[in-house]
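What follows is a short report on a single structure.
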Amino acid sequence: MDLDYTEIGRRIAKRRRHLNLKQAEVEERADIGYKYLSSIERGFSIPSTEVIMRLAKALDTTPDEFLVGTSRAQNEEWKNVAQYLQTMNQKQLELAKNFLQWLTEQDL
């Protein structure tokens, strides 16, 4: 599955505007650098899994809203998973990403 980072940026911007938040407010909430959100929203920067998770938390939504355009806000279990992901180092995040990709391909 190839990700369209320009579309991901548009979805992040749409969510931010829906909440009437400025980029600086979201950057502070997500603990990301100054002007980084602008670069993500315009598709110039590719956010890491960790940054996607931080932005989802800062914008009170799920990462899948940004990645695939749907939200599972009615199911709060994703927040518990997100808390685990936030504590992981880069190697652990890559392993978790690979596992999640494998898991979504299973016919359960």
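Summarising the amide proton neighbourhood of S45: residues at separation of 5 or more, or on other chains, whose placed amide H is nearer than 5 Å comprise I40.
State the Kirkwood hydrodynamic radius of the chain in Å, one decimal place, computed from all pairs of distinct Cα atoms.
Numbers: mean 1/r = 0.0700 Å⁻¹.
Taking every pair of different Cα atoms in the chain, averaging 1/r and inverting gives 14.3 Å.
Candidate cross-link partners of K35 among the lysines, defined by an alpha-carbon separation under 25 Å and a same-chain spacing of 8 or more, comprise K14, K22, K57. In region 1-97, which GluC sites (Glu not before Pro) fall in coil by DSSP and have 14 or fewer other Cβ atoms within 10 Å? Taking region 1-97 and a limit of 14 other Cβ atoms within 10 Å, the loop GluC sites (Glu not before Pro) found are E76.
For every other residue with a beta carbon closer than 14 angstrom to the beta carbon of E25, add +1 if it is Lys or Arg and -1 if Asp or Glu, then tell me the sum.
Working: positive: R15, R16, R17, K22, R29, K35, R54, K57; negative: E27, E28, D31, E41, D60.
Spelling it out: positives minus negatives among the neighbours equals +3.
Net charge dipole, region 1-91: roughly 240 debye, given to the nearest 20, about the Cα centre with Cβ charges of +1 for Lys and Arg and -1 for Asp and Glu. Residue-wise HN-Hα couplings along region 90-98, as the Karplus relation 6.51 cos²θ - 1.76 cosθ + 1.60 with θ = phi - 60° gives them from phi, are 4, 5, 5, 4, 5, 5, 4, 4, 5 Hz; Gly and Pro carry x.
Please report the carbon-and-sulfur percent of the accessible area for the chain; probe 1.4 Å, protein heavy atoms only, DNA, RNA and ligands left out.
On the way: 3790 of 7530 Å².
Carbon with sulfur: 50 percent of the solvent-accessible area.
The string of couplings for region 54-59 from the Karplus curve (6.51, -1.76, 1.60, θ = phi - 60°) is 5, 5, 4, 5, 4, 9 Hz, one whole number per residue in order, with x for Gly and Pro. With a 1.4 Å probe rolled over the protein heavy atoms of all chains, the accessible area of F66, F99, F44 falls in the order F44, F99, F66, largest first.
The values are calculated or read from the model by the stated rules, or taken from the named source; none is laboratory data. Computed from a predicted structure; not experimentally measured. A quick note on method: Cβ atoms are made from the backbone with ideal geometry, for glycine too, and the neighbour counts reach across all protein chains shown. Just the protein is used for accessible areas: all its heavy atoms, side chains included, with ligands, DNA and RNA removed. Shrake-Rupley method; radii C 1.70, N 1.55, O 1.52, S 1.80 Å.
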